[in-house]
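To start, the structure itself, in structure tokens.
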Amino acid sequence: MPFEKDREDVIEGRNAVTEALRAGRAIDKLYIAKGETDKTLAFLASKARAAGVVVVEADRRKLDSMSVTQAHQGVVALAAVREYVSIADILSIARERGEDPFVVACDEVSDPHNLGAILRTAECAGAHGVIIPKRRSAGLTATVDKASAGAAEHMAVARVPNMAAALRELKDEGLWIYGTAAEGTSPLWKTDFSGPLCLVIGSEGEGMSRIVTEQCDFLVSIPMQGRISSLNASASAAIVLYEVLRARQNG
């Protein structure tokens, strides 16, 4: 039977597998390129065996057939399917850290590379969790895991049936909702990002949906000085996430 593509239990690439092992992810089997003498792969194999993981040498054709990204770098891991958390779990993480909640919501971000990049930036910027919808959105697939360079292993991700309802739940918990939009009335550099908040990133083509936009307390715009009128979702997210981090660090 051919290997099923886009399985959520496939982790590939050296960074992603390294972070999965560091995070204590339950890995069933690790496939390493046969005959490879690379020290990084040898270290991964040793670390996996120490954790009780079965390590199998496989030829490159086998790894290519398992790979979703076609950039496996000689290592593919099969892990237990990643569990999504709840919104309450994300808020609990903030409480445990003694911090105001800092949540990112991705409204129908369908490109797995964009979602992976957003997860990576969110983790680096200190966000407590990311919310994605069940429909019309990338999930925690191998491509997303690879694009996040392992950050997906450390970031709490909630998958919700209704994004607008999820935002209302966050508002009931005292969070302010900031949406990113080209027509936003709150310029990025003049926006107050203090306190508990959720930052909403719209889809690549359409931006935020109308029903999600209606839930936002503020619509934030990024200054654009060139001839191109917009940035892609992950670039926009990175700019605003770090402006939020700057505001939080400056008190």
Q | Lone qualifier among 227, 210, 135 - being surrounded by fewer than 22 Cβ atoms within 10 Å (Cβ to Cβ), within 25 Å of residue 68 (Cβ to Cβ) and not hydroxyl-bearing (Ser, Thr, Tyr) | A | 135
Q. Within the bounds of region 143-150, is there any residue that is open to solvent by 60 Å² or more (accessible area, probe 1.4 Å), out of contact with any strand residue (DSSP E or B) (no Cβ under 7 Å at 6 or more places or on another chain), at pLDDT below 95 and not hydrophobic (A, V, I, L, M, F, W, C)?
A. no
Q. Which of (1) crowded, with 17+ Cβ neighbours inside 10 Å; (2) at pLDDT 95 or above; (3) farther than 30 Å from residue 14 by Cα is the odd one out, the single condition residue 222 does not satisfy?
A. (2)
Q.
Give me the residue from region 175-203 that is assigned to a loop (DSSP other than H, G, I, E, B) and open to solvent by 40 Å² or more (accessible area, probe 1.4 Å) and, out of that set, nearest to residue 94 (Cα to Cα).
A. 194
Q.
Just to be sure before I move on: is residue 118 under 30 Å from residue 164 (Cα atoms) and among the β-branched types (Val, Ile, Thr) in the structure I sent?
A. yes
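To keep it simple, each residue is scored yes or no on (1) in contact with a Leu (Cβ under 9 Å, 6 or more places away or on another chain); (2) basic (Lys, Arg).
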| site | (1), (2) |
| --- | --- |
| 62 | no, yes |
| 111 | no, no |
| 131 | yes, no |
| 146 | no, yes |
Q) Restricting region 56-70 to residues that are of a type in the set (Gly, Ala, Ser) and outside any strand (DSSP E or B), which is farthest from residue 112 (Cα to Cα)? A) 65
Q: Kindly establish whether residue 88 is open to solvent by 10 Å² or more (accessible area, probe 1.4 Å), in a helix (DSSP H, G or I) and among the aliphatic types (A, V, I, L, M).
A: yes
Q) Name the residues in region 204-219 that are assigned to a loop (DSSP other than H, G, I, E, B) and of a type in the set (A, V, I, L, M, F, W, C), would you? A) 208, 216
Q: Enumerate the pairs (first residue in region 116-140 and in a loop (DSSP other than H, G, I, E, B); second residue anywhere and among the aliphatic types (A, V, I, L, M) and open to solvent by 20 Å² or more (accessible area, probe 1.4 Å)) with beta-carbon separation below 7 Å, excluding pairs fewer than 6 apart on the same chain, so at least 6 apart or on different chains.
A: 125/245; 126/245; 128/93
(Q) Just to be sure before I move on: is residue 168 of a type in the set (D, E, K, R), open to solvent by 30 Å² or more (accessible area, probe 1.4 Å) and in contact with a Lys or Arg (Cβ under 7 Å, 6 or more places away or on another chain) in the structure I sent? (A) no
Q: Please go through region 51-67 and pick out each residue that is closer than 18 Å to residue 16 by Cα and either hydroxyl-bearing (Ser, Thr, Tyr) or open to solvent by 90 Å² or more (accessible area, probe 1.4 Å) (or both).
A: 67
Q: Give 23, 33 a once-over and let me know the one that is of a type in the set (Gly, Ala, Ser) and within 12 Å of residue 75 (Cα to Cα).
A: 33
(Q) Restricting to region 65-100, name every residue that is over 19 Å from the mean Cα position of the chain (by Cα), among the polar types (S, T, N, Q) and at negative phi. (A) 65, 67
Q. Of all residues in region 12-33 being of a type in the set (A, V, I, L, M) and over 18 Å from residue 141 (Cβ atoms), which is surrounded by the fewest Cβ atoms within 10 Å (Cβ to Cβ)?
A. 33
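The values are calculated or read from the model by the stated rules, or taken from the named source; none is laboratory data. Owing to the predicted nature of the structure, the values given are computational and were not obtained by experimental measurement. Cβ sites come from the backbone with ideal geometry, for glycine too, and all protein chains shown count toward neighbours. For accessibility, only protein heavy atoms count, side chains too; no ligands or nucleic acids. Shrake-Rupley method; radii C 1.70, N 1.55, O 1.52, S 1.80 Å.
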